[in-house]
């Protein structure tokens, strides 16, 4: 992992112009209803930016309360291996109430992918990518899903399109104002003390148990997992 957890790397999935001047970084969970509601908003933000905004999505599966989040993340990464990450990403959020292995295999077939590669043991090696995403989130003290950073600044409040556009505009103005100044890759970062938080993704399978009533915690900032 790079020393700056906000840095976009070759392993990240980028939606939009890879050279866009403003980066929106999201930590999300495919089973989180707030993430599903935010997904089309972020797409609209990028699509309407004229190449000015790119979106990076990183996995933060809340496997304790969302039993299908981890296997969905693995399926998305397996789809990326077949050149269809964002197609699978959009489909998973659009149909997040149907994320069993059979559903995931069906979505792969729908996208023209090999369904045997997105579920079961074949998908397990992609746990390394999911774990790497989670590690950067731990360094950034991600409080829940969705968590959004705009050019390194934590976005607070409800992620509606108007609010996001205002934040992107402010980020763009800040970048223009700092043109020519020395770049500090760690600017704005305040790494916290939660780096020892453990995440047992590895090679474990997500449990197939129904959510207990009230198991999904909904925070004041419209996030799961707080």
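The values are calculated or read from the model by the stated rules, or taken from the named source; none is laboratory data. It should be emphasised that the depicted structure is a prediction, and the values quoted were computed from it without experimental measurement. All Cβ positions, glycine included, derive from the backbone under ideal geometry; neighbour counts span all protein chains shown.
Given the criteria closer than 26 Å to residue 139 by Cβ and outside any loop (DSSP other than H, G, I, E, B), does residue 122 qualify?
Working: closer than 26 Å to residue 139 by Cβ: no; outside any loop (DSSP other than H, G, I, E, B): yes.
No; evaluated as a whole, the condition is false for this residue.
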*Can you name the condition, by its number, that residue 131 falls short on among (1) modelled with pLDDT of 95 or more; (2) outside any helix (DSSP H, G or I); (3) surrounded by fewer than 18 Cβ atoms within 10 Å (Cβ to Cβ)?*
(2)
*Of (1) crowded, with 20+ Cβ neighbours inside 10 Å; (2) at pLDDT below 95, residue 64 satisfies all except one. Which?*
(1)
*Could you run through the range 145-166 and say how many residues are in contact with a helix residue (DSSP H, G or I) (Cβ under 9 Å, 6 or more places away or on another chain) and part of a helix (DSSP H, G or I)?*
3
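If you go through the range 134-144 one residue at a time, how many are in a helix (DSSP H, G or I) and modelled with pLDDT under 95? Steps first, please.
Step one: filter the range 134-144 for residues in a helix (DSSP H, G or I), giving 134-139.
So of that shortlist, the ones also modelled with pLDDT under 95 come out as none.
The qualifying residues number 0.
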*Pick from the range 92-102 the residues that are in contact (Cβ under 8 Å) with a residue 40 or more places away in the chain and assigned to a helix (DSSP H, G or I): which of them is farthest from residue 74 (Cα to Cα)?*
94
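Of all the residues that make up the range 37-71, how many are in a helix (DSSP H, G or I) and in contact with a strand residue (DSSP E or B) (Cβ under 9 Å, 6 or more places away or on another chain)? Lay out the reasoning, then the answer.
Here is the first cut: in the range 37-71, the residues in a helix (DSSP H, G or I) are 37-47, 69-71.
Applying the additional criterion that residues be in contact with a strand residue (DSSP E or B) (Cβ under 9 Å, 6 or more places away or on another chain) yields 38-39, 42-43, 45-47, 69-70.
The qualifying residues number 9.
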*asked:* I'm trying to understand the selection: among the residues of the range 103-119, which are over 29 Å from residue 7 (Cβ atoms), outside any helix (DSSP H, G or I) and under 20 Å from the mean Cα position of the chain (by Cα)?
replied: 119
